[in-house]
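The values are calculated or read from the model by the stated rules, or taken from the named source; none is laboratory data. Quick caveat, the model's predicted, so the values are computed rather than measured. As a convention, Cβ positions derive from the backbone with ideal geometry for all residues, glycine included, and neighbour counts pool all protein chains shown. Accessible surface areas use protein heavy atoms only, side chains included; no ligands, DNA or RNA. Shrake-Rupley method; radii C 1.70, N 1.55, O 1.52, S 1.80 Å.
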Amino acid sequence: MSKFKRILTNGRVIMLIICVVLALLAINPQPWADGAMIKSVTKDSAASFAGIENVKGNAQPLSRERVTALNGQPIHTVADYYALTNAFEINQTVQITTTVRTYTLQVKPNIKTTILNETETKEIITLVNGTNVTSTITIPKTKQEILGHLDIGLTVDEAPTTNLRKGLDLQGGTRVILKPAEPVPPETMALLVDSLTQRLNVFGLSDIVVTTVSGIGEEELILIEIAGASPQEVTTLVQQQGKFEASIANATVFRGGSNDVTYVCRTAECSGLDPNRGCQNTPSGWLCFFGFEIALSAEAAQRQADITRTLEIVGTGTDRYLSAPLDLYLDDELVRSLSIGASLKGQAQTSIQISGTGSGVSQQDAMNNMFTEMKTLQTILVTGSLPVKLDLVKIDTISPVLGSAFINNALLLAGLSTLAVAIILTAVYRKLRIAIPIILTAVFEITIVLGIASLIHWNLDLASIAGIIIAIGTGVNDQIIITDEALRKETTGANSMKERIKRAFSVVFAAYFTNMAAMIALWFFGAGLLKGFAVTTIIAVTAGVLITRPAYAAIVNLLIEE
């Protein structure tokens, strides 16, 4: 059997090949993909009314909807898209063909709505015990102005060619660092993160990262990264404490905060899977029911009784509800509509049960979706208004053009580094059969790391790329140690090939654990914006030690044996 066949049938090499193939499947390179990828859909826009939905945050880049034609004319690039949309006329009917389906919409002028500091009151008349009772609600005044250009409500970007996610440094956008105006405990900080994420999702912004950062001995801060958003709209969204309101038949029942909602259950004792309904198998899949309790103030409970007293009861049996739902609004945006049980009609109940469902193809999927829906709803009820005011520490805007330059420079640096390493290895060992496997192993290691990044939906930024470069340099160094030990002339006793490779790996593992200790410390105690560096370095070094280094040792062993 030739050396080449022996290499390919080696168990460690087979493991390396399998990992590389799986990584390529995860990355799924498609250089032929074209069109304009939909990044976000503006609320209440023509595109939104036509049925085009916002991108889900966990969707793989290649699975995202792309515009492929406008009125039958093909779209290959973002430039093609804007060349056609800039020629739109008001009230023109447009057919948008995407990778999902064809939508029909009507072009509307781009209207800017500004919320004024002034407010106005509206009267609500309800029937209570046969008597008309007039109540008033206060709403902010708004001003609308028509901008000079037309808008269908789509923000697009170049079509992705892989499932690799580009971070803010590479695709452009806005980075905001916020600080609570007063010291807060860890549970309040977690509540702030959940609330900000929910608020940004409500406003239709995609590619959002909301997390906390801190250094040793420093206070914890909140980091928000949003691709494609302007500093003005991000600042407006995250610095306002916001408001949460629940209404029935357009009349406000209660508002978020301790004045109206005195308690929201988030523990297993009074929230979770509904014990009376559980999960049910339906013709279209599984359906799981959840429920949790909230407590209202006496005033809010009385408002609910007054408003629901005049509503009709619909449905039969156990599925009897009032004719109007309970609508939940976050910053004047409708986020949920819940059915109201018939037993609450005209009752001033301070303790009420909030219920909902989660669906899925399997029971486990339905259960997971149910818990996600319940947590989202609990977060809305608890954090419609942020628990504490946030101060702006820093805001950075990165241009997409600058991000493109970063990518080009990184690719150029990678190519030059690979060439330099290849030249040095060839000059030192004077054998291409030694230099080529080292270079190929480094390429395979990069492929595996990028595949793992695609699987875990990790955003690659400049810090991540730096981590990959550092890890590859460490890998080449480890391979040189293995090669030097394998090329030693001693062939007997403790200096046999097996012993020499074992001695090389003792050095490799010592370096690995040293790197891991440093990266874990960086991740937990001082990572901040360098978390990507720590994560990618840990992934790359671990993949190298467990997969690529053993495979390279087997290859070297077979190549230089007598």
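Taking the stated definitions as given, is L386 open to solvent by less than 40 Å² (accessible area, probe 1.4 Å), at pLDDT below 75 and more than 30 Å from K531 (Cβ to Cβ)? So L386 fails the test. Within the set L25, L62, L8, the sole residue that is surrounded by 18 or more Cβ atoms within 10 Å (Cβ to Cβ) and not polar (S, T, N, Q) turns out to be L62. If you check F292 against the conditions, is it out of contact with any Asp or Glu (no Cβ under 7 Å at 6 or more places or on another chain), open to solvent by 70 Å² or more (accessible area, probe 1.4 Å) and not small (G, A, S)? When the stated conditions are applied, F292 does not pass them. Is it true that some residue in the stretch 285-307 is among the polar types (S, T, N, Q) and closer than 24 Å to S359 by Cβ? No, because not a single residue in the stretch 285-307 is among the polar types (S, T, N, Q) and closer than 24 Å to S359 by Cβ. Scoring S2 on the criteria (1) open to solvent by less than 30 Å² (accessible area, probe 1.4 Å); (2) hydroxyl-bearing (S, T, Y); (3) more than 24 Å from the chain's Cα centre (by Cα) leaves a single failure, condition (1). Every condition in (1) of a type outside the set (V, I, T); (2) over 32 Å from the mean Cα position of the chain (by Cα); (3) open to solvent by less than 80 Å² (accessible area, probe 1.4 Å) is met by E299 except one, and the failing one is (3).
Figure legend. Inter-residue proximity from the stretch 498-509: first residues among the aromatic types (F, W, Y), second residues open to solvent by less than 70 Å² (accessible area, probe 1.4 Å) and part of a helix (DSSP H, G or I), beta-carbon distance below 8 Å, spacing 6+ or different chains. Indicated pairs: F505/I482; F505/R549; F505/A553; F509/V545.
Scanning the stretch 255-273 for residues that are open to solvent by 30 Å² or more (accessible area, probe 1.4 Å) and charged (D, E, K, R) yields R255, R266, E269. Residue pairs whose Cβ atoms lie under 7 Å apart, separated by 6 or more positions or on different chains, with the first residue in the stretch 167-195 and on the phi < 0 side of the Ramachandran plot and the second modelled with pLDDT under 80 and of a type in the set (G, A, S), are G167/G532; L168/A227; D169/G403; L170/G403; Q171/A227; Q171/G403; T174/A229; T174/S230. Scanning the stretch 12-22 for residues that are open to solvent by less than 90 Å² (accessible area, probe 1.4 Å) and in contact (Cβ under 8 Å) with a residue 40 or more places away in the chain gives V13, L16, C19, V20.
In summary, helices (runs of 4 or more DSSP H) completely within the stretch 1-53 and bearing 2 or more residues that are at negative phi and among the charged types (D, E, K, R) occur at 3-8. The conditions of being closer than 21 Å to T350 by Cβ, open to solvent by 30 Å² or more (accessible area, probe 1.4 Å) and out of contact with any helix residue (DSSP H, G or I) (no Cβ under 9 Å at 6 or more places or on another chain) are not met by T282. Restricting to the stretch 158-176, name every residue that is modelled with pLDDT of 80 or more and buried (at least 17 other Cβ atoms within 10 Å of the Cβ). Across the stretch 158-176, the qualifying residues are E158, A159, P160, T162, N163, L164, R165, R175, V176. Taken over the stretch 244-280, residues that are within 30 Å of the chain's Cα centre (by Cα), in a loop (DSSP other than H, G, I, E, B) and either at pLDDT 65 or above or of a type in the set (F, W, Y) (or both) amount to 8. Of the residues making up the stretch 73-98, those that are open to solvent by less than 70 Å² (accessible area, probe 1.4 Å), modelled with pLDDT of 85 or more and not hydrophobic (A, V, I, L, M, F, W, C) are T77, D80, Y81, T97, T98.
For (1) surrounded by fewer than 18 Cβ atoms within 10 Å (Cβ to Cβ); (2) among the aliphatic types (A, V, I, L, M); (3) touching a helix residue (DSSP H, G or I) at 6+ places or on another chain (Cβ under 7 Å); (4) at pLDDT below 85, each residue gets a yes or a no:
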position: T308; (1), (2), (3), (4): no, no, yes, no
position: L311; (1), (2), (3), (4): no, yes, no, no
position: L326; (1), (2), (3), (4): no, yes, no, yes
position: Y329; (1), (2), (3), (4): no, no, no, yes
position: S343; (1), (2), (3), (4): yes, no, no, yes
position: Q347; (1), (2), (3), (4): yes, no, yes, yes
